Amino acid sequence: MSIKIAQKVRLLWDEKGTKQLKMSKRPPSDFENGELASAETLAANIRQRMKHLAQVLELLHKIYYENTDLYGDKFLAFVGNEVVREWPWKDFPFLSKNALNILEEIESYSDISGKMPFEVKDKSIKDAFKKLRYEHWTPISFFRDIFHSHPPISEEVYYFLLIKYYRIVWIAREEDDALNIKHRSWRPESTYSDLGIEIIEHEMWGHLDKENT
């Protein structure tokens, strides 16, 4: 029976051809009446995507734990680079105080918090991005190394880890240089504050985090 279904699946693809992907367009749920949705709606969507990612991480962690010798470190690289890093539409970019100061020097500047780089259309702002760096607040290696350092953990724990520690930040180039001296791939939670890098909180992230405080 399974073979017949598999053959039908392949036949259907042969008939329909390849789907043309639109990789840089937000999914329909992120829009309301043709415009970018409200902060509350975006927060709910990101929360749901992170719950789905947590489900996948729980399963992958179990597979790795039970088959470490079968997969080796390549599995860890896959989890970090392809699963966590590439999970779609979970990013909500923040700004450091210094990055905001650079952007506010631009006469036409308007708030870009939460916008993906390709969604910023103002040329002056895009030019200013050359003075900034787009960084992970917590290195992706943290989420990867959980598989190596801990026995399997639950979806609920993974969800909290994602909500609490996964975020993208725009920081000044000088701030990024300071991070890279000792903390390019290993970054304790206090690193930003220890280096005097102040990340501006945003109301939207409060919607994400409030249920886990």
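The values are calculated or read from the model by the stated rules, or taken from the named source; none is laboratory data. Owing to the predicted nature of the structure, the values given are computational and were not obtained by experimental measurement. Here Cβ is always computed from backbone atoms with ideal geometry, including for glycine, and neighbour counts include all displayed protein chains. Heads up: the accessible areas ignore ligands, DNA and RNA and are worked out on the full protein's heavy atoms, side chains in. Shrake-Rupley method; radii C 1.70, N 1.55, O 1.52, S 1.80 Å.
Quick look at the values:
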item	result
Beta bridges by DSSP in the chain, antiparallel share as percent, to the nearest 5	80 percent
Computed helical MRE - 222 nm, the chain, DSSP H runs ≥ 4 contributing -39500 (n - 2.57), nearest 500	-15000 deg cm²/dmol
Helix 140-149 vs. the chain, principal-axis angle (Cα, 0 to 90°, nearest 10)	50 degrees
Whole-Å semi-axes of the ellipsoid equivalent to the range 99-189 (Cα gyration tensor, √5λ, descending)	31, 16, 9
Listed residue (Leu161, Leu103, Leu12) projecting farthest to the positive dipole end of the chain, Cβ model	Leu12
Exposure ranking of Leu12, Leu70 by accessible area [1.4 Å probe, largest first]	Leu70, Leu12
Size descriptor, Kirkwood hydrodynamic radius, that averages inverse alpha-carbon separations across the range 67-119, Å	14.2 Å
Computed label-point distance, nm, for sites Glu203 and Trp186 using a 7 Å Cα→Cβ extension	4.1 nm
Modelled FRET efficiency - R0 35 Å, Glu35 with Val83, Cβ distances, 0.05 increments	0.70
Percent of Cα pairs exceeding the 22 Å cut-off, where the set is the range 1-125	62 percent
Solvent-accessible area of Glu174 with every protein chain in place, 1.4 Å probe, in Å² to the nearest 10	120 Å²
Over 13 Å [Cα-Cα, the range 1-46], rounded percent	69 percent
Rounded to the nearest 10 Å², the accessible area of Ile3 at probe 1.4 Å	120 Å²
Read-out mean projected area of the Cα convex hull in nm², derived from the coordinates shown; its label in (1) 20.3; (2) 16.1; (3) 13.0	(2)
Segment Glu105-Asp14, length gained on full extension (0.36 nm per residue, minus Cα span)	27.3 nm
On Cα atoms only, tilt of 173-182 relative to the major axis of the chain in degrees	60 degrees
Segment Lys4-Asn67, length gained on full extension (0.36 nm per residue, minus Cα span)	19.6 nm
Proximal lysines relative to Lys19, as straight alpha-carbon distance under 24 Å, when same-chain residues fewer than 8 apart are discounted	Lys4, Lys8, Lys90
Magnitude of the charge dipole, the chain, Cβ model with Lys/Arg +1 and Asp/Glu -1, debye to 20	1000 debye
Extent along principal axes [Cα atoms of the range 26-85; Å; largest to smallest]	51, 16, 14
Accessible-area composition of the chain, carbon plus sulfur, in percent [1.4 Å probe]	53 percent
Between helix 2-16 and the chain: long-axis angle, C-alpha atoms, 0 to 90°, nearest 10	50 degrees
Asp177 - accessible surface, heavy atoms, 1.4 Å probe, Å² rounded to 10	90 Å²
